[in-house]
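Okay, so here's the structure we're looking at.
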Amino acid sequence: MTKPQIRVLIVEDDLVDRMACRRALAQDPDYEFVLSEAETGREGLQLAHAQKPDCVLLDYRLPDLSGLEFLAELRNDLGEIPAPVIMLTGAGNVLIAVEAIYPGSHLSKCATSFSTPRNDSP
């Protein structure tokens, strides 16, 4: 049986993080992920417009654009973002998440990793 294909654009400047995304997606038993990668926001925008991916994994901190600037430039003539975007950040900043999902951003998902200390002691 042939697995359904999902075209994913990974826009991430860190090689180790791109490799982690590749490994995670390769483990999915139900889908075949066809990956394209960009190290900068500008390169990612070119690939997004040319390849029309089904989903974009977007780093918030790129060398040339922030994730929010990328989203603003990704919008089509109708002001819509043409594919679901999952924004990744290690910054752990709630304000970034709020800004990314603020009404009108049309961001489908925002994945952030928060590293807040836990105090489990009584």
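Quick notes on this one:
- Matching residues, the range 28-39, being surrounded by 12 or more Cβ atoms within 10 Å (Cβ to Cβ) and either touching a residue at least 60 places away in the same chain (Cβ under 8 Å) or out of contact with any Pro (no Cβ under 6 Å at 6 or more places or on another chain) (or both): E32, F33, V34, L35, S36, E37, A38, E39
- Residue check, R7 in a strand (DSSP E or B), out of contact with any Lys or Arg (no Cβ under 6 Å at 6 or more places or on another chain) and surrounded by fewer than 18 Cβ atoms within 10 Å (Cβ to Cβ): yes
- For the criterion of being part of a helix (DSSP H, G or I) and surrounded by 20 or more Cβ atoms within 10 Å (Cβ to Cβ), A24 fails.
- Among the residues making up the range 46-71, a single one is aliphatic (A, V, I, L, M), in a loop (DSSP other than H, G, I, E, B) and crowded, with 22+ Cβ neighbours inside 10 Å: L62.
- The residues in the range 83-110 that are modelled with pLDDT under 85 and part of a loop (DSSP other than H, G, I, E, B) can be counted, and the count is 12.
The values are calculated or read from the model by the stated rules, or taken from the named source; none is laboratory data. Computed from a predicted structure; not experimentally measured. Please note: Cβ atoms are built from the backbone with ideal geometry, for glycine as well, and neighbour counts cover all protein chains shown.
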